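First the structure, in the form of structure tokens, and then the observations on it.
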Amino acid sequence: MTKKMRRPGLLLVLALFLSSAVPPAAHAQKPAVATVTEDPEFADFVKKATTKPEFLSPLVDHLPKKAGVPSPKDVLGYHIGTEKKLTYVADQQRYFRALEKALPGRVKTEVTGKTEEGRDIMVVYVTSEANLKNLEQNRQNTKRIADPRGLTDAQAQQLIANTKPHYHISAGLHSQETNPPEAVIELAYRLAVSDEPYIKQIRDNVIVSITGATDVDGRDRYVDWYYAYKIDEAYDGGENYGDVPYWGKYVFHDNNRDINYGVDSLRAHLNWYLNWAPPIWHDLHEAQTLLYTFSGQPPQNANLDPILYTELPFFATYEVNKLTSYGMPGVWHFGFVDMWSPGYLGFAAANHNGMLRMYEIFNQGGANTKKARLSGAQTQRQWYRPNPAPAGEVDWSIRNSINYAETGVLTALELTSKFPQMVVENYYKKSANAIKRGADKPPYAFVLAAGQRDQSQVDRVANLLRRQAIEVHRATAEIKTKEGTFPAGSYVVKLNQPYGPLAKTLLEKQTYPDAALTTYDDSAWSMGMASNIDVKTIEDKTILDAPATLLKEDITSLGLLLDPNGAIGANDSVYIVTHNGALNLITLRYRLKDSAIKAAKAAFKVGDREFPAGSLLIPASDRARREIEALGLQALAVTAAPADVPTIDVDLPRLAMYTTWSSTEKPGWVRLAFDRWEIPYDLIHKDHVQAGANLRSKYDVIVMPHQGQNSKSIVYEQPKLSKPLPYKKSDKFTSLGMYAETDDVRGGMGLAGAAEFQKFVEDGGVLLTLGVASYFPADFGIAKGVDAQSPAQGFYAPGPYVNSEILIPTHPTMFGYAQKTLPVRYAGGPLLQAGPPAGAEQFAGTSPERPQVIARFTGGEAGVLSGLMRNPDQIRNRPMVVDAPSGKGRVIMFANNPIYRWQTFGEHAMIFNSILFWNDMPAPSAAAKPAITAGQ
Ligand SMILES: [Zn+2]
């Protein structure tokens, strides 16, 4: 775009207004005839704030000015990209509202939800007056195109011709990536105000919407941290005050990994997306040098329409072309990230037949200008990076980042405005293809059969599919297919629906297309395996006509209280709640915390009815009955507790969860699960385990979630190389000090803390370690006779599902698991070895402290159930769950991560059982299997 083109003279501006076919909006405060000029002060500012001329573009080296419309500076007091200025979300939203007030015909704000901390989530729409008036109709058209069932081709073409492409932009999902939430403020202003022809064309041909801060809570907390510390970071080297310990309430960077939308504020973004169904969602991030635009590199998910993989490079190469032609170095695509996993937030668009677009823009955190040292691949010329970033030292300002972000997005919008119908038509074709594929080609459906051991897990999967707008049917009669017979009540997920490809992606086994390729996140997520339920793939086409009704609302797993003698009555004294692995058993125990609840030590029968070990015996009461039903549990009412059934008391422990300061996110997922299942706990950290802490006097069970990279990172965390960094709430910084507080986030528990953990266990406490945290008790000798090793070279396992074998089914940790083998997600925990090291078997003895292997990985190629694992022999027979008694207590170590994201529901019960039965664990001699199972 030449300067001549983008700066129309006054006559041209007048001509444009005079020739405008757009009638003034009825509710507009003023007709759009005020003259648009340029802001000379901004032109001066941006030149100075940009560190080199080539980091600026002709699209953003000027800013429009229009009487009566506030610029960002008019509201915020500073130009966007001013050194040492970051904008809190409330101020960003204040600006968007001011813009809406000044230009109600072109700008509209919408509060789309609330965050965990009660802040507004906002989307702002910017488009022409005519488009804004037609916004709701355009939304309905878009939704119709997204589900074109029943449209004739002629109707579809008519609809496409009458529908403007909706292009959604999101900023600030990752809170330390500070520039995008700034850039979109100025972007909204430009789009609303400028009368440059290309922007006018964007307004006329595109509906733009912007989420200015996707993790709203995280953005504010990061800005607090920036003003508290990072603003003092030096230009060249010196102290770096890192990142704030928490972003949102639960998760950090994994807010871009919540595949099942377990975090409510992330779900709000999904719900917004599903309501508007924009064909494009463009998510702005910061990492790469200097601007990376995603173009769809392999491995590609074959369930996604090939059209998507032509659209992505179409946009990306146009951006590289334009920005390169402006002389901006370091703009590239390809060679960084794949999108194999469907769990990225913005991937909601690609999952729903739209298009995810993604940028990574260079910045250094915060808003200080700093010296950057650019080197490596990103400074080298490639076919996909013809004008690489300059190697060597360069001053980098946040304004540079904003220039890149805005120039890129304006270019993408300009392209969209040139081909608006193409975008809509592609969206239609992808949606139509999705339906047709499910009707023409096997598999045709997946069935989640009714009558599985734990119906609540089956119901949850159906609800999670529905959460993503996948249609789920329920069989009204028995269904017979080539694959088997399924009872009435089974869930049928037919693939001849717009989101059939997404259903297939989520439910099928992941077959990684090229074992030589790595992937950016998980290689597998198969929902049936994650929930330990059976999901049948149906290739028999008759399934599409099976008698079934569409579920219109979420399933509430209803509990069942039965009485073998008829009505449940006053004579019943005990409810026997079956332990079928249902996760709500622990919720029931906590809701009835004042009841004396017992559990059966072994399986037993009442009449014909079998109850597995761990089934709860609960004193009958109206309250208990209501809770059993509400929680979807299966129970039998009896007049007297069955005789001859040995029981244990189900005592609730005083529970703590240990978190490091340097890795709060993985504990965050466990916090989310504990909150959802109503498990109360104290969140403790290094300050709570200092010498003399006497943990045993306060707690019975401490859960140490997967966190860090190894035991050293858990014990020492971040080294004390800077000044102390308090994380505390103050009048000035109200978002700090939430979820935990400390005078200094650095340093970790140290050896004294590790010794306190040892005392805790020896004094009778139970320590549960998940995933990487299982290095800690092994490396520090807290778990006796257990070694933790790292895999050897050549091992690669990006989150596949693998097979495991339960060796001690009677161990309380495994109550409710009826099968001999169990699919689990491989979590990158240590390779454990329990018992004497190889060659020292003569030292094996009968000590009550010898470890018991409760479950182990089977290993080998046959043990990889879904996704990618290279050299799977390395995990063959390696312990997965080890019960290591020590003194009066024990450590139960999990090499898997039973509470991984909002995802591994089939493994959660191992942790919940270990909490419920913390003081009911058997001595080693009582175990049926030999103590020693070493890896090989
Ligand atoms: Zn990011």
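The values are calculated or read from the model by the stated rules, or taken from the named source; none is laboratory data. None of the values given here were measured: they were computed from a predicted structure. Quick reminder, even Gly has a Cβ in these numbers, built from the backbone with ideal geometry, and neighbours come from all protein chains shown. Protein only, heavy atoms only, side chains kept; ligands, DNA and RNA dropped before computing areas. Shrake-Rupley method; radii C 1.70, N 1.55, O 1.52, S 1.80 Å.
Is the range 480-495 home to any residue that is of a type in the set (A, V, I, L, M, F, W, C), within 25 Å of residue 432 (Cα to Cα) and touching a residue at least 60 places away in the same chain (Cβ under 8 Å)?
The initial filter retains those residues of the range 480-495 that are of a type in the set (A, V, I, L, M, F, W, C), namely 486, 488, 492-493, 495.
In the following step, the residues that additionally are within 25 Å of residue 432 (Cα to Cα) were identified as 492-493, 495.
Those left that are additionally touching a residue at least 60 places away in the same chain (Cβ under 8 Å): none.
For the range 480-495, residues of a type in the set (A, V, I, L, M, F, W, C), within 25 Å of residue 432 (Cα to Cα) and touching a residue at least 60 places away in the same chain (Cβ under 8 Å): absent.
Which number in (1) open to solvent by less than 10 Å² (accessible area, probe 1.4 Å); (2) away from the ligand (no atom under 16 Å from the Cβ); (3) under 31 Å from the mean Cα position of the chain (by Cα) marks the one condition that residue 192 misses?
(3)
How many residues does the range 670-685 hold that are outside any helix (DSSP H, G or I) and of a type in the set (Phe, Trp, Tyr)? Break it down stepwise before answering.
Narrowing the range 670-685 to residues outside any helix (DSSP H, G or I): 677-685.
Now drop any that are not of a type in the set (Phe, Trp, Tyr), which leaves 677, 681.
Residues in the range 670-685 being outside any helix (DSSP H, G or I) and of a type in the set (Phe, Trp, Tyr): 2 in total.
Looking at (1) over 28 Å from the mean Cα position of the chain (by Cα); (2) open to solvent by 50 Å² or more (accessible area, probe 1.4 Å); (3) basic (Lys, Arg), which is the only condition residue 870 fails?
Checking residue 870 against (1) over 28 Å from the mean Cα position of the chain (by Cα); (2) open to solvent by 50 Å² or more (accessible area, probe 1.4 Å); (3) basic (Lys, Arg), the one that fails is (1).
How do the pairs read when you match residues in the range 171-184 that are in a strand (DSSP E or B) with residues anywhere that are more than 11 Å from the ligand (Cβ to nearest atom) and β-branched (Val, Ile, Thr), using Cβ under 7 Å and keeping only pairs 6 or more apart or on different chains?
171/184; 171/211
Among the residues of the range 550-590, what is the count of those that are buried (at least 18 other Cβ atoms within 10 Å of the Cβ) and basic (Lys, Arg)? Explain how you work it out, then say what you get.
Narrowing the range 550-590 to residues buried (at least 18 other Cβ atoms within 10 Å of the Cβ): 555, 557, 559, 561, 572, 574-589.
Then drop every residue that is not basic (Lys, Arg), which leaves 589.
Qualifying residue count for the region: 1.
Between residues in the range 281-303 that are within 15 Å of residue 171 (Cα to Cα) and without any contact (Cβ under 8 Å) to a residue 40 or more places away in the chain and residues that are within 16 Å of the ligand (Cβ to nearest atom) and open to solvent by less than 10 Å² (accessible area, probe 1.4 Å), which pairs lie under 6 Å by C-beta distance while being six or more apart or on different chains?
none
Mind checking whether some residue in the range 293-300 is among the polar types (S, T, N, Q) and part of a loop (DSSP other than H, G, I, E, B)? Working first, answer last.
Step one: list which residues in the range 293-300 are among the polar types (S, T, N, Q), which gives 293, 295, 297, 300.
Narrowing further to those that are part of a loop (DSSP other than H, G, I, E, B): 295, 300.
Within the range 293-300, one or more residues are among the polar types (S, T, N, Q) and part of a loop (DSSP other than H, G, I, E, B).
Can you pull out every residue in the range 325-378 that is open to solvent by 30 Å² or more (accessible area, probe 1.4 Å) and assigned to a helix (DSSP H, G or I)? Steps first, answer last, please.
Step one: filter the range 325-378 for residues open to solvent by 30 Å² or more (accessible area, probe 1.4 Å), giving 325-327, 334-336, 364, 369, 371, 373, 375-378.
If the condition is that a residue be open to solvent by 30 Å² or more (accessible area, probe 1.4 Å) and assigned to a helix (DSSP H, G or I), then 325, 376, 377, 378 are the ones that fit.
Kindly list the number of the only condition in (1) in a loop (DSSP other than H, G, I, E, B); (2) open to solvent by less than 20 Å² (accessible area, probe 1.4 Å); (3) more than 16 Å from the ligand (Cβ to nearest atom) that fails for residue 320.
In the conditions (1) in a loop (DSSP other than H, G, I, E, B); (2) open to solvent by less than 20 Å² (accessible area, probe 1.4 Å); (3) more than 16 Å from the ligand (Cβ to nearest atom), residue 320 misses (1) alone.
Kindly list the number of the only condition in (1) within 17 Å of the chain's Cα centre (by Cα); (2) in a loop (DSSP other than H, G, I, E, B); (3) more than 15 Å from the ligand (Cβ to nearest atom); (4) not hydroxyl-bearing (Ser, Thr, Tyr) that fails for residue 304.
(1)
Would you mind finding the one in 270, 291, 284 that is away from the ligand (no atom under 16 Å from the Cβ) and open to solvent by less than 10 Å² (accessible area, probe 1.4 Å)? Quick ask: steps written out before the conclusion?
Working: 291 fails: away from the ligand (no atom under 16 Å from the Cβ); 284 fails: away from the ligand (no atom under 16 Å from the Cβ).
After applying the criteria, what remains is 270.
If you go through the range 778-829 one residue at a time, how many are outside any strand (DSSP E or B) and either in contact with a Lys or Arg (Cβ under 9 Å, 6 or more places away or on another chain) or more than 22 Å from residue 715 (Cα to Cα) (or both)? Spell out how you get there, then give the answer.
Start the filter on the range 778-829 by keeping residues that are outside any strand (DSSP E or B), which leaves 778-785, 790-795, 797-800, 807-820, 826-829.
Then keep just the ones that are either in contact with a Lys or Arg (Cβ under 9 Å, 6 or more places away or on another chain) or more than 22 Å from residue 715 (Cα to Cα) (or both); that gives 779, 783-785, 792-795, 797-800, 807-820, 826.
Residues flagged as outside any strand (DSSP E or B) and either in contact with a Lys or Arg (Cβ under 9 Å, 6 or more places away or on another chain) or more than 22 Å from residue 715 (Cα to Cα) (or both) within the range 778-829 amount to 27.
Does the range 834-857 include one or more residues that are touching a residue at least 40 places away in the same chain (Cβ under 8 Å), closer than 20 Å to residue 531 by Cα, surrounded by 18 or more Cβ atoms within 10 Å (Cβ to Cβ) and basic (Lys, Arg)?
Yes - at least one qualifying residue is present in the range 834-857.
Out of the range 114-134, which residues are open to solvent by 20 Å² or more (accessible area, probe 1.4 Å) and closer than 19 Å to residue 184 by Cβ?
Step one: filter the range 114-134 for residues open to solvent by 20 Å² or more (accessible area, probe 1.4 Å), giving 114, 116-120, 129-130, 132-134.
Of everything in the range 114-134, those that are open to solvent by 20 Å² or more (accessible area, probe 1.4 Å) and closer than 19 Å to residue 184 by Cβ turn out to be 119, 120, 132.
Among 242, 248, 212, 218, which is the only one that is farther than 23 Å from residue 677 by Cβ, in contact (Cβ under 8 Å) with a residue 24 or more places away in the chain, small (Gly, Ala, Ser) and in contact with a Gly (Cβ under 6 Å, 6 or more places away or on another chain)?
After applying the criteria, what remains is 218.
Identify, please: which residue in the range 161-170 is part of a strand (DSSP E or B) and away from the ligand (no atom under 16 Å from the Cβ) and is, among those, surrounded by the most Cβ atoms within 10 Å (Cβ to Cβ)?
Narrowing the range 161-170 to residues part of a strand (DSSP E or B): 166-170.
Pick out the ones that are also away from the ligand (no atom under 16 Å from the Cβ) and you get 166-168.
Working: 166: 28, 167: 26, 168: 26.
Per the stated criteria, the residue is 166.
Give the range 236-266 a look and list any residue that's modelled with pLDDT under 95 and either β-branched (Val, Ile, Thr) or touching a strand residue (DSSP E or B) at 6+ places or on another chain (Cβ under 9 Å) (or both), or say none.
236, 237
For residue 257, all conditions in the list (1) touching a helix residue (DSSP H, G or I) at 6+ places or on another chain (Cβ under 9 Å); (2) within 15 Å of the ligand (Cβ to nearest atom) hold save one; what is the number of the exception?
It fails just one condition, (1).
Residues that are open to solvent by 30 Å² or more (accessible area, probe 1.4 Å), at least 2 per element: which strands (runs of 3 or more DSSP E) completely within the range 609-669 meet that? Write out each step before concluding.
Values: elements: 609-611, 616-619, 634-638, 647-649, 655-658.
By residue number, 609-611, 647-649.
Would you confirm whether or not the range 223-244 contains a residue that is within 16 Å of the ligand (Cβ to nearest atom) and open to solvent by less than 10 Å² (accessible area, probe 1.4 Å)?
yes
Kindly indicate which of 175, 128 is hydroxyl-bearing (Ser, Thr, Tyr) and within 16 Å of the ligand (Cβ to nearest atom).
Numbers: 128 fails: within 16 Å of the ligand (Cβ to nearest atom).
Matching residue, one of 175, 128: 175.
Quick one: is residue 67 without any contact (Cβ under 8 Å) to a residue 40 or more places away in the chain and out of contact with any Leu (no Cβ under 7 Å at 6 or more places or on another chain)? Steps first, answer last, please.
Numbers: without any contact (Cβ under 8 Å) to a residue 40 or more places away in the chain: yes; out of contact with any Leu (no Cβ under 7 Å at 6 or more places or on another chain): yes.
Criteria met by residue 67.
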